[in-house]
Structures are given as structure tokens and as C-alpha cells.
1. Just the Cα atoms of chain A: what Rg and Dmax do they give in Å?
2. By DSSP, what percent of the beta bridges with both residues in the range A:81-225 are antiparallel, rounded to the nearest 5?
3. Quick check: Cα centre of the range B:150-205 to Cα centre of the range A:149-190, how many Å?
4. With axes computed from alpha carbons, what is the tilt in degrees of helix A:115-128 against the longest principal axis of chain A, rounded to the nearest 10 within 0 to 90?
5. Go ahead and estimate [θ] at 222 nm for the protein assembly as shown from helices alone: -39,500 (n - 2.57) per DSSP H run with n ≥ 4, summed, over the residue count, rounded to 500.
6. Projecting each Cα onto the charge dipole of chain A (Lys/Arg +1, Asp/Glu -1 at the beta carbon, about the Cα centre), which of A:P96, A:S207, A:W356 comes out farthest on the positive side?
7. Given B:P265, B:I252, B:S212, which one lies farthest toward the positive end of the charge dipole of the range B:81-306, if we put +1 on the Cβ of every Lys and Arg and -1 on the Cβ of every Asp and Glu?
8. Tell me the relative contact order for the range B:81-306 as a rounded percent, counting alpha carbon contacts under 8 Å between residues six or more apart.
Amino acid sequence: MTSVSNHNDAVVSIRNVSKRFGDVTAVDNVSLDIQRNEFFALLGPSGCGKTTLLRMLAGLERLTAGEIVIDGENMVATPPNKRPVNMVFQSYAVFPHMSVEQNVAYGLKVGGTPSAEIGPRVTEALEMVRMGPLRSRMPDQLSGGQRQRVALARALVKRPKVLLLDEPLSALDAKLREQMQLELTRLQETVGITFVIVTHDQDEALSMASRIAVMDHGRVCQIASPQELYERPATRFVADFIGKVNLIDGEVIGLAGNAVLCQAEGLGEMALPAEAPVSGRVAVAVRPEKLKLSAAEPTDPRLIKSPGRVRDVAYYGDTSNVFVETPAARELSVNVQNERRSPTVYRRGDQVWVSWSPEDTLILTE
Amino acid sequence: MATEAAQALPPSRRLSLQRWASAVEQGPLDYGSRIWLKVLIGAVFVMLYAPILALIAFSFNDSRRNVVWQGFTTKYYLVAWENQALIAAMANSLTIALLCTLFATVIGAATALLLWRFRFPFKAAFEGFMALPIVIPEICMGVALLVFFARVGRFTSSFESGPIAWWNSLFTLSPLNLSAITISHIAFSFPFVAVVVRARMTGFNRELDEASRDLGASEWQTFRHIILPFMRPGLIAGALLAFTLSLDDFVITFFTSGPETVTFPVKVYSLVRRGVSPDINAASTVLIVITLVATIIAMRLQRSERT
């Protein structure tokens, strides 16, 4: 599902863009708009074409077909040094022979900014990423996180229309990554520049971006807000890629008012709410945290339920994942919140009931 | 691991195996603890440096024949300084070496950049042919260059007047009379520069180049501010190689030098045939010092460079 919004406030318009490397199609006829001042994420597994698309925005990769309009200007023939965008590279690409200060000043110097203006702007950019005290350090005296801040300041000092970030957090350790996620969102709000981030990490995209384009095999599968992507994924791929999901094969057998009657494998007939008319073979999808476990059979007749046997328990501290073998498909993954210090403990081999509400269930056709 | 294996062996074999195991546990770099390795290292150093030290020591020998040590003197440095022909040869050598260094470094660096940056048809073949002067026997190259310059010389000197004759007359003037040797030296030394710089460039993160372009730098600015500083250690190493290769080359120079254009190695060779006198030792010592100083300067320059 490729949605092209027709807002006039799009700062970036990507129109039918394709990129082929020899026989390989990296980006396949992608069209999307990025709004001014939004935090946009390109999300997908490695090799899905997200980085190629970002590099085409920066001008580092030529388009095979289509056009890219940035801030009202067609950029297809514009070299990277003439584009109003700047990039934070995956390796940060901090110039090793220049100090922090010189790194940040570089873009202004080569761009011909008057030297009286360079000093204050460099200071301002370094303050923004809290690197002021380290301005005279050399890059090899900096940690990975600090180098990234330099790369950020170096791009922001140019006051671009769009800031491009290529997997900016992938090289950081988990704690620092979480901190930088927060900082990046705050920074984006302060500077009011459109951020476009490429990531393969769904948590990163969900927590930072205001809108996400999920890509697979060079195509855009869905563009939506994080919540919509999670709760209403358009395709099997999106449902599976964003978060965890239980997928049960099924078939539509009829309609019942607003609901669709569905024959799900091993679960029997169920009435599910559907937004669009569906028919034929489908996948019934339900997120692990929407499932409930109980020792006795739930009494509420509206619930979808199935008996099962616990096969495995994965303990994560705040939550546990219980894998329950049911007649339905392979097994269902149930996410249990460990709300108490001594929660109900499920052990391998326990007989349990799994149940969930029809409203939390999705029907996926693709 | 080795000790476990030793348990399975009879006691007689066990001991030797344990000794072997303990030697292994010292690690491959703990060579200092084994005497035979120390002796080997010592022998290698003696082989390498004893002749040079003897050469330097005997430059201070107060003896005409310079076979037996007679006493300390520095007078042969003065003798060498007053030997006009030797000094002229030294001046020729240094001129050639400097010009060769300059041109070979520029051409070599350009070649390295070409090979690093671009894809073009027959690139592998080009790279192979470019490195040919490194592997080709010097004698072959000397003969080839001799034939080449002889042909060119015969052609240009066949003109009595006109622009080519005028052009030809230029090459009797210093330092253009050294151009045949200089061109030969550039031809065999620039591949060394290219190889060194090419090796340096393989470590270049191409995202640096892209980042520079992204920040608004033109290709030339990127080359000047990003690529060139990164290349510098390679350039210095390459230039040093070209300088020393040119300074001490004998074979190729011998074939391409005329009676008026004698370099230091060729001159020394002609003097040695009439017996080694201490002034040759003295002049050689000066040459060693020049090379050493150049090397130290180059290493200093490289060290101050953060890479």
C-alpha cells in the first residue's frame, strides 16, 4: 500500500523513484512525501533499499528513474554539495585529521560563509549537542557517542532543510542508544528541521518517528504513524516486522453484519470485525500481549479461546513470553506482564487456556 | 592443552613434550628468552651494519692505502671536498634525486588515485604494466633506456638549425643535460610511489569523501582538504623511496649517463677501480648521513600526522 499524500507542505517529494544496480533493483518505483518538520523513518530489513533511498536524497546515488523534489526544487541533476540536505553517516565519517571544532567548521568554510560568522555558528552547534567543552579534541580522543555528536553538529551547523541520518544509533551500546533516541527527538523539536532516519530497528523507529515508511524488497509496504503501524499493519510482512505477532492461517467463509466469519485453523469459526471487505484465504493476526492466559476456561462467550499446553517460558524481567502449544497452527506466543514480585508461574507442560477479544484481532490478506 | 596430551605419553617422551609446551606458552613474540634466536638476530645485525660501520670508521683512517688502521684524522673529508669531480658528481646526484622525487611523487600519486578511485577497461592489465619497472631487471631497463635516448638523440641532432636544433641545444645546459638520467629515474621510481600511496588509500573510508561533498565541498576542495591529508604519510614514504632509489642507482644511470653527466655512484665506481682511498669513504659517509637525515625528517613528519 503506497499512500501519496497531497499536502502542499511536503519538503521532500519522492516520485516514482527507482534505482537499479545492474540486475538488482534496490529501489522499486517508490513514491512518498515527507512533511516539513516531521521526524520520518525509513524502516526495513537490511537490503530493503532504505539506505539507497536516503543516499539518493543526499545526491550520493543517481536515480535510474523518477524524480526527487526538495523544497520545491527538482534535485535529480543537483550534485550533493549543492543540495539543501545534510547527512549523518553510519560510520559518522568524522574527519580524523581535524579537531572537533574544525570538523564542524568545515562545511561552513568550504561553503564560503564569512569567517566572522563561522565562530559563533560552530559554538552554537556544539552547544546544541553538548560538545562545547570538547571542541579542541581530536576524533581519536572521542568515544563513539561523542563522535556521533560531532557528526550531528557538523550537519546541523549547515542549517539544512532536511537532516538525513543513516542508521545513526547502530554502533552505540544499548544504554547510550536509548539516551540518544531521546536526545534526537528533543533536538528535532528544538531545531525544527525535518529529520529522515534510516533504521532496521523497529523500536528505534517506533519511539522516535512521527511517521514511518516500512520498506521491503525496494518497495514501500506501508506509511503510517507508529501506533497505526503496530495496531493496524496493512500486510503480513509489516505485522511480522513491527513487533511480534501470532499468525494463524484461515479462510473467510461469510459475513455476519459488520463482522467477517472466519474459519481459523484449529480454532474453529470466529466473527471478526473487518474494515474492508475480505474474502478467500487470510491470516488471522493477534499480538502476544493481547492474549490472556488462565488455568480455567474463560466464561465470557465473546472471547476467542483455545486450550493448550505450555511448551516454553522466556523470562525477560518485566515480562515473560509463554509459548503455548494449541491446536491452532504451530504455537501461540503469549506476553505476560510480571506485575507482582511473585507472579503466577507457568511451567513447561502446564495445561492452560489462551483467550483474546475479537476486537484485538486483525485479518491480513497479503 | 599440551600438558593434557603429554599425560598420554610414556614418561621419556613426556619431558620433551613438556619442554616444547612451555616454549609454546611463552608465545611467538617472546624471542628474547631463547639464546639461539638472540644469536641469530645479532648475526643479522652484524651482517647488515658491520660493512657500513667499517666504511664510516675507515673514512677517519690516516692512511693513503686504507687497508690497516693508522690513526684518526678528518683530513680526507677535506680531500673529498677538494676533489672537484667527486663534488660535481655528488651535485649531479642530488639534483637528479630531487627532481626525480618531485616528479615521481606527483606522477605516482596521480597513478595511485586513478587506480583507487576509478573503474575503467583493462584496469588490471594497466595496474600490472605499471608495476613492471619494479620487477623488471634493472639491466634490461638500462639497455632499453639507452637505446631509446640514443634514438631520440640521433633524431634531434640530425637537425642543423631550426626549432628542434634550438630545443636540442637546451639540453647541453645544466641541469637539462641531466634530463636523460632524471627521466630514467622517474620512470623506474614512480611505480614504487604509486604502490605505496595505493596501499595507503585502501584504508580510506569513502564515507569521508561523501561527507565532505555532502557538507558542500567541491571535488577539488574535497581532494585538497580531506584526501590529500590522508594521503600524506604515503606521499612522504613514497617520496623518500624515490629519493633513495634515485640517489644510489647505479645500473640504469650507468647506461644513460654521458661523459659530462656522471653521478656519485658511477664516479665512485670509476675511482674504486684504482683502489679505495679514504676520501671515497668520506664522501660515502656524507651520503649516508644525508640519507639518514632525510629518513628521520620524513619519519618525524609522519609521526606528527594523526592517522
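1. Computed over the Cα atoms of chain A, radius of gyration and Dmax are 24.5, 76 Å.
2. Details: 5 of 14 bridges.
Looking only at bridges with both residues in the range A:81-225, the antiparallel portion is about 35 percent.
3. One Cα centre to the other: 54 Å.
4. 20 degrees
5. Numbers: 24 runs with 308 residues, N = 673.
That comes out to -14500 deg cm²/dmol.
6. Selected residue: A:P96.
7. Toward the positive end, the furthest listed residue is B:S212.
8. Working: 214 pairs, mean separation 80.1, N = 226.
Worked out over the range B:81-306, it gives 35 percent.
The values are calculated or read from the model by the stated rules, or taken from the named source; none is laboratory data. This is a predicted model, so every value here is computed, not measured. Cβ sites come from the backbone with ideal geometry, for glycine too, and all protein chains shown count toward neighbours. Side chains included, ligands, DNA and RNA excluded: accessible areas come from the protein's heavy atoms. Shrake-Rupley method; radii C 1.70, N 1.55, O 1.52, S 1.80 Å.
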